[in-house]
Structure formats: structure tokens, C-alpha cells
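In what follows, a structure is listed as C-alpha cells, so that the remarks can point back to it.
The values are calculated or read from the model by the stated rules, or taken from the named source; none is laboratory data. Treat the numbers as computed from the prediction; the structure is a model and nothing was measured. Note: ideal-geometry Cβ built from the backbone for every residue, glycine included; neighbour counts use all protein chains shown. Heavy atoms of the whole protein, side chains included, go into the accessibility calculation; ligands, DNA and RNA do not. Shrake-Rupley method; radii C 1.70, N 1.55, O 1.52, S 1.80 Å.
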There are 2 protein chains.
Amino acid sequence: MTESTKISKKVIERLSEYRTALDEQSAGEQRNIFSHELARLCGVTAAQVRRDLMSIGFSGSSAKGYDINELKQTVSDFLGFGEERRVVLVGIGHLGRALLDFFVNRHPKLVVCAGFDVNEMRINRVIHGVRCYAVSEMERVVAENRAQVGIITVPESAAQETAERLVEAGVTGVLNFAPVQLRVPGHVFVENLNISTVLEKVAYFAGLNADRERVTK
Amino acid sequence: MTESTKISKKVIERLSEYRTALDEQSAGEQRNIFSHELARLCGVTAAQVRRDLMSIGFSGSSAKGYDINELKQTVSDFLGFGEERRVVLVGIGHLGRALLDFFVNRHPKLVVCAGFDVNEMRINRVIHGVRCYAVSEMERVVAENRAQVGIITVPESAAQETAERLVEAGVTGVLNFAPVQLRVPGHVFVENLNISTVLEKVAYFAGLNADRERVTK
């Protein structure tokens, strides 16, 4: 555990991307893959792939590359997907529903076990296979399910309180879609995913590129 | 234009976050903001804020900080939000709908002007205020709207073809939610947002943190 804590966020993200790419590959007939092939699939350099895999103690042969199944297993084990991780989602609006739909049955080891909302119409219903509860039941349901991960898709104004309740209930990792910076204790990992910010960035570079195209034409 | 092309992706992302944070601030009575205040709102260091703003030629006074309205205007102008940017979205499933709902009227200068789908049930309807067309009309509609940005929320298997058609129609920036690496010409900016990968990362660190908590308790 001490060793794995030194691995950076970026490496974890790439390992997760390698795993996804390998999933697709292993559906085919190919049994081995070279670092440059995996690199191309993931949009990184071959040296980066080799460095990342070395950091979790995995190496291939220069003649045959990496054994796909072995590599998949190693990365999955490293990412802790030997055991199931339980996830709850708070805020079952459009985005919440989309995420429920997206995650249900997509990942064998990341299981969305409950949803929460304040809207009576959504409470005690099963939405995309996930039972939805009143926010007032959060502490009980999170604890009973031993959920470690919380996804926040509530409006901005409710995000901080939601995070506090999730953490109080035992959650140690939060994926936050609300456009607000959450304050949480040091033992909680937070990833903010502000889709608006990402779209602004794309729009910025799209504009630059369009201007350049116009100049060169 | 040449100068702005040197600004990195990360800086653009942070500038966009500063802008969002300033929007919230300017609703209040505060007229000025210090770099350390803006830094705290955005989860970065004060030095980072000062560096980023200096890189677009903006500086404050050490006594009063930055003028909020002036700073907002400068960042917005820099990000190119003087003129409206038109966005299309391909794939009106759950995620596509959630994004339409999310973006409609949220951003004064980023306008989602059309949606596309292959499903007859969704074609020629107005969903969350956005007219949806058949994919076969993509070239015409993108060109007529002079859309520069495309959001891809189609299934994995259709993502590459969708990207090619968007680029062919004149799009120069793509926000891709499909878990696949797109191949596009060099003049097109692509941002991949694989929500599954992000959740895996959060789950990984949630697991580490939970283990640590257990050890220290």
C-alpha cells in the first residue's frame, strides 16, 4: 500500500485508459501488444507506456511485447478492482440519470448501489436499475452498503452540504460535477469535473484553429 | 493571435475556472479580489493565479487586488467570448440530453444550435430548446450555422465516423465522450472526456484513503 500511494493521479488515469484499451483489444485475436501499439490507442508515447507499466512492476519482452491478458489482470489488480467498489450518486436530474444509465453494468467492479434526491417523484423508485432514496436516508444507506465513492450531480448551492454528508457517512472519494470547489477533510479524494469549463477550453482552441485555417487558405 | 497560441491547455482551463468563480463573486457586493482569494475559490495557489493572469497581460494592485469586473471582462475577451461560438451535439441519448439540458442558456456565448441522431423518434424534435436533425443533414446544418465545436456522445463504434463528418463540415474543436481515441487532422482540437476513467481514478484513491483510515483508526 505504501508503494502504491506514491503513484500520481496522472499515472492512475493512464493505467485506467490502458485497461479500457486492452479490454477492446482482448476481444480480438491478438494475444500480445507492443508498447507503441498501446500508446497509439491511448494517445500517449511508447516511452510513457513503458514507464507507467514499469512503475507498477510490469515489463514485456522486446520481441513479443506485453501479454494482453496478463497485463490486463495486473493493471486491474493494481487499480484495486479485485474487490467490488460501491458507488452512490446524489442528484438524479438529467445528468444523474445519464450517469446511472452510463455506469449500470458497464464496469464489473464499480457498482452504483444507490441514488439520492430531494424530489419526492424520484424517491423509492428504481431508475436504470438503481434504487433511489430520500437524501435524509443518506447516512444509513451509504453505511449499510459500505460505499466508498460518491458522485455529486446536485445543483451548485447544495454541493458542499452533500459532500459533507457523504464524507460523514464514510465516503472517501468524490466525483463532483457541480461547478464549485468543495472543502473536504484531507483523507477524502475529490475530482472536480466541470463540463462547462471543458467545453470552454474546446471552444477556445476551436476558435484559434478556425482562425488559422482561414489565414492559411 | 500568435501570442495567444502559446498559452497552454492547462492555463486556458484555469482561466475558464477563474471566470466561473468571478461570475459567482460579482453577484455579491465585493468589487475587488486578491489573488489568494481567487486561488482558494479555484483550488490553486496564489502564485499560480498571478502567473496565469500575467500571461494574458493582466495585473492587479497589491493594496486592492484585482478589480472583479475588469478581470472578468479581460478573461472573457481573451477566451474569445466576445463573439458567440456555435456548438452542435451528436448523439441524443441520455448523456446527450443531459448535456443539452445542462448547456442551454447556461453560457451566453456558447450556443448549442443543433443536435443530431440516427433515431427517427428524436429527429425533427426540439429537445431542451435545441432542434434535432438526422445525421444525414450534419454537413448542411453545421455549415449553415457555422458551428466550430462538436460534442460527441454517440456509442463507441460510431465515434470515429462522427468525428470525420464533423471535421469535414467545418468543426475545429471536438469534445468527445466516447471511450475511444479519435484520429483527426492536425488543425482540429480534441478533448477526450472518458467519465468511466475518471470514476476509476476516484475509486482507486477512495480505496487507498479508506485503507489508510482503517489503519490509523
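What separates the B:G170 label point from its copies, with the point 7 Å along Cα to Cβ, is 5.6 nm, written shortest first. When the Cα positions of B:N124, A:V135, A:P155 are compared along the charge dipole of the protein assembly as shown, A:P155 comes out farthest toward the positive end, with charges on each C-beta of Lys, Arg, Asp and Glu. Axis of helix A:156-169 versus longest Cα principal axis of chain A: the two differ by about 90°, to the nearest ten degrees. What are the aspartates and glutamates whose alpha-carbon lies under 14 Å from the alpha-carbon of A:K9, with same-chain residues fewer than 8 places away excluded? Partners found: A:E17, A:D52, A:E191, B:E200. Would you mind getting me the FRET efficiency between B:E164 and A:E70? Use the beta-carbon distance for r and R0 = 25 Å, nearest 0.05. That pair, B:E164 with A:E70, gives E of 0.10.
Charges at C-beta only: +1 for Lys and Arg, -1 for Asp and Glu. How large is the resulting dipole of region A:8-61 about its Cα centre, in Debye rounded to 20? Can you show the working numbers first?
Working: 8 positive and 7 negative charges, 56 e Å.
Using Cβ point charges on Lys, Arg, Asp and Glu, region A:8-61 gives about 280 debye.
The other copies place their A:T45 label points at 2.5 nm from this one, listed shortest first, where each point is 7 Å from Cα along Cα→Cβ. For B:R131 and B:E83, a Förster radius of 22 Å and the Cβ-Cβ distance give a FRET efficiency of 0.50, rounded to the nearest 0.05.
Need one word for chain B: rounded, prolate or oblate. Basis is the Cα gyration tensor (sqrt eigenvalues a ≥ b ≥ c); a/c below 1.5 gives rounded, then a/b vs b/c decides. It would help to have the intermediate numbers written out before the result.
On the way: a/c = 2.02, a/b = 1.37, b/c = 1.47.
It is oblate, given that a/c is not under 1.5 and a/b is not larger than b/c.
Based on DSSP H runs of at least 4 residues, each adding -39500 (n - 2.57), what is the mean residue ellipticity at 222 nm of chain A after dividing by all its residues, to the nearest 500 deg cm²/dmol?
Values: 8 runs with 101 residues, N = 217.
It comes out at -14500 deg cm²/dmol, rounded to the nearest 500.
Accessible area per residue for the protein assembly as shown is 47 Å², calculated with a 1.4 Å probe on protein heavy atoms, without ligands, DNA or RNA. Overall, region A:114-217 carries a charge dipole of about 400 debye about its Cα centre when +1 sits on the Cβ of Lys and Arg and -1 on the Cβ of Asp and Glu, all other atoms neutral. For region B:85-197, give the percent of accessible area contributed by carbon and sulfur heavy atoms, probe 1.4 Å, rounded to a whole number. Here carbon and sulfur together make up 47 percent of the probe-accessible area. Here A:P108 yields copy-to-copy label distances, from shortest upward, of 5.2 nm, the label point defined as 7 Å from Cα along Cα to C-beta. The charge dipole of chain B, taken about its Cα centre with unit charges on the Cβ atoms of Lys, Arg (+1), Asp and Glu (-1) only, comes to about 480 debye. The long axis of helix B:46-55 is offset from the longest Cα principal axis of chain B by roughly 60 degrees. Using a cut-off of 21 Å between Cα atoms, the listed pairs A:K64/A:K109; A:K201/B:K72; A:K109/B:K201; A:K109/B:K10; B:K10/B:K72; A:K201/B:K109 include A:K64/A:K109; A:K109/B:K10 as exceeding that distance.
Taking square-rooted eigenvalues a ≥ b ≥ c of the alpha carbon gyration tensor, is the protein assembly as shown rounded, prolate or oblate, where a/c under 1.5 means rounded and, failing that, a/b exceeding b/c means prolate? Rounded, since a/c falls under 1.5.
Rounded to the nearest 10 degrees, the inclination of helix B:68-78 to the longest alpha-carbon principal axis of chain B is 40 degrees.
Could you give the length gained on full extension between A:F34 and A:Q48, defined as 0.36 nm per residue of separation minus the Cα-Cα distance, in nm?
Details: separation 14, 0.36 × 14 = 5.04 nm, distance 1.26 nm.
In short, 3.8 nm is gained.
By definition, a body whose alpha carbon gyration tensor gives a ≥ b ≥ c is prolate when a/c is 1.5 or more and a/b is larger than b/c, and region A:68-177 fits this prolate description.
Roughly how big is the A-B contact, given as buried accessible area in Å² (both sides, 1.4 Å probe, nearest 100)? Don't skip to the end; give the middle numbers.
Working: alone 13370 and 13400 Å², together 20590 Å².
Summing both chains' loss of accessible area gives about 6200 Å².
A 1.4 Å probe over all protein chains sorts B:V104, B:V112 by accessible area into B:V104, B:V112, starting with the largest. For the rotational copies A and B, the chain A residue with its Cβ nearest the relating axis, together with that separation in Å, is A:A98, 2.
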